[in-house]
Structure formats: C-alpha cells, structure tokens
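Below is one structure, written out as structure tokens, with a few remarks after it.
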C-alpha cells in the first residue's frame with residue numbers, strides 16, 4: 001500500500017474510533033449503530049466497512065487504544081521514579097486507571113461481544129497490546145519491588161487484571177441502580193476508581209515494602 005494511502009487509512013480509522021468514543025459517553029454499546037458512528041465522521045457509513053466490518057471491531061479498536069494509552073502511562077511511571085514505596089506505587093498505578101474509565105467500562109460490560117464479533121486479525125492485534133499491558137505492569141514491579149520473584153509478579157498480575165473487570169460497576173452506579181439498592185436496603189459505600197484501586201493494590205503489596 002502506498003504510504004499516502006496507509007496514512008489516510010490510519011487517519012480514517014482514528015476518526016472512526018474517535019467518533020465511537022465520543023458517542024459511548026452518552027449511548028450504550030447495544031444501542032449504538034454503525035450509522036450513528038458514521039454520522040459523526042466526515043465520510044459515509046458504507047466507507048466505514050472498508051476499515052471495520054462490524055460495530056464490535058470499532059469498539060475493540062477503541063479498547064486497544066485505551067490499553068496503549070495506559071501502557072504509555074505505566075512506562076512514564078518507570079521513567080519518572082527511581083524508587084517507589086508500596087503506597088507510592090499504589091497511588092501512581094491508581095491514577096493511571098482513574099484516567100481509563102472508558103477502558104474499564106468496555107472490559108466489564110462488552111468484552112465478550114467485541115471479541116466474539118471481530119475478525120481474528122483484529123482480535124490478535126488487541127491481545128498483543130493486552131499482553132504488552134501486562135508486561136508494562138511487570139516492568140514496574142521489577143523496578144520498584146526487586147524482592148519479588150517471577151511467581152510473585154505473576155500472582156500480582158493475575159490478581160490485578162481480573163479485579164479490573166469489576167472496577168467500573170463498583171464505582172459507577174446509575175440512578176436506577178441507586179433506587180433499587182435503596183429499596184432493597186443495601187448499604188453501598190461510594191468509591192472512586194482511584195480509591196478502590198489504590199486500596200486493593202496497597203493490600204497486594206503489603207508484604208513488599
């Protein structure tokens with residue numbers, strides 16, 4: 001593909017993903033259509049199919065981009081600090097996830113739909129970046145907690161990443177959910193993404209000062 005054509009294709013993909021991200025702030029995954037996304041781009045709905053075959057592929061590309069941005073923040077932590085205590089690292093890591101509300105929302109609510117209705121090459125591209133995110137976390141642990149063994153790091157990662165799937169629903173509650181909990185007399189303490197992640201990571205690292 002000529003360089004100009006490749007740059008145009010990448011620019012159009014980015015425009016499509018940007019449109020999806022903007023809509024996702026107010027429209028749910030199931031309600032959004034490719035027509036809705038196309039309406040926020042500078043080209044036609046038909047043109048979108050040159051880059052993405054399904055709505056799920058667009059969302060998967062958005063999730064991939066969110067992970068890439070998270071990786072950049074994790075790498076910045078490594079560059080910016082020579083040492084960090086357990087609480088200091090918990091604080092830094094929590095702030096990176098506080099910025100990735102869209103990523104946490106997609107992971108908790110729509111991952112199976114996105115992966116199930118995307119072509120294998122799109123799924124491989126996402127899984128490659130997902131693996132890089134795990135490696136970025138491992139890189140932080142290697143630098144700041146050298147006492148950790150390979151098994152320790154693996155256990156941390158396999159605790160953190162499944163935990164992340166539940167962060168969004170525990171920190172973002174709709175008015176209908178609030179009403180239901182009140183009627184059910186369910187005590188629901190309000191935590192931000194930062195607060196709930198920081199508390200969890202601090203506990204994980206308690207034995208690694």
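The values are calculated or read from the model by the stated rules, or taken from the named source; none is laboratory data. Everything numeric here is computed off the predicted structure, so don't read it as measured data. Note: ideal-geometry Cβ built from the backbone for every residue, glycine included; neighbour counts use all protein chains shown.
Please verify whether residue 156 is under 22 Å from residue 26 (Cα atoms) and surrounded by 13 or more Cβ atoms within 10 Å (Cβ to Cβ), treating the condition exactly as stated.
Here the answer is no, as residue 156 does not meet what is asked.
For region 17-31, indicate whether the set of residues that are in the same structural domain as residue 148 (by TED's automatic domain parsing), surrounded by 13 or more Cβ atoms within 10 Å (Cβ to Cβ), within 30 Å of residue 201 (Cα to Cα) and out of contact with any strand residue (DSSP E or B) (no Cβ under 6 Å at 6 or more places or on another chain) is non-empty.
No, there is no match, as no residue in region 17-31 is in the same structural domain as residue 148 (by TED's automatic domain parsing), surrounded by 13 or more Cβ atoms within 10 Å (Cβ to Cβ), within 30 Å of residue 201 (Cα to Cα) and out of contact with any strand residue (DSSP E or B) (no Cβ under 6 Å at 6 or more places or on another chain).
All but one of (1) under 14 Å from the mean Cα position of the chain (by Cα); (2) at pLDDT 95 or above; (3) surrounded by fewer than 20 Cβ atoms within 10 Å (Cβ to Cβ) hold for residue 109; which doesn't?
So residue 109 meets the others, but not (2).
Does residue 129 satisfy being assigned by TED's automatic domain parsing to the domain that holds residue 91, under 30 Å from residue 20 (Cα atoms), surrounded by 15 or more Cβ atoms within 10 Å (Cβ to Cβ) and under 20 Å from the mean Cα position of the chain (by Cα)?
yes
Which one is farthest from residue 102 (Cα to Cα) among residues in region 1-60 that are in contact with a helix residue (DSSP H, G or I) (Cβ under 6 Å, 6 or more places away or on another chain) and in a loop (DSSP other than H, G, I, E, B)?
This residue is 51.
To keep it simple, each residue is scored yes or no on (1) over 25 Å from residue 206 (Cα atoms); (2) free of Cβ contacts under 8 Å to residues at least 24 places away in the same chain; (3) surrounded by fewer than 15 Cβ atoms within 10 Å (Cβ to Cβ); (4) in contact with a helix residue (DSSP H, G or I) (Cβ under 6 Å, 6 or more places away or on another chain).
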{"site": "95", "(1), (2), (3), (4)": "no, no, no, no"}
{"site": "135", "(1), (2), (3), (4)": "no, yes, yes, no"}
{"site": "149", "(1), (2), (3), (4)": "no, yes, yes, no"}
{"site": "167", "(1), (2), (3), (4)": "no, no, no, yes"}
{"site": "177", "(1), (2), (3), (4)": "yes, yes, yes, no"}
{"site": "181", "(1), (2), (3), (4)": "yes, yes, yes, no"}
{"site": "187", "(1), (2), (3), (4)": "yes, yes, yes, no"}
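Got a sec? Which of 58, 71 is under 18 Å from the mean Cα position of the chain (by Cα) and touching a residue at least 60 places away in the same chain (Cβ under 8 Å)?
Answer to the check: 71.
Considering 195, 182, 115, which residue is out of contact with any strand residue (DSSP E or B) (no Cβ under 9 Å at 6 or more places or on another chain), more than 20 Å from residue 67 (Cα to Cα) and at pLDDT 95 or above?
195
Can you pull out the residues in region 77-86 that are assigned to a helix (DSSP H, G or I) and either under 22 Å from the mean Cα position of the chain (by Cα) or exposed (fewer than 14 other Cβ atoms within 10 Å of the Cβ) (or both)?
Hits for region 77-86 are 77, 78, 79, 80.
Restricting to region 31-54, give me the number of residues that are touching a residue at least 12 places away in the same chain (Cβ under 8 Å) and within 14 Å of residue 109 (Cβ to Cβ).
Summing the residues that are touching a residue at least 12 places away in the same chain (Cβ under 8 Å) and within 14 Å of residue 109 (Cβ to Cβ) in region 31-54 gives 1.
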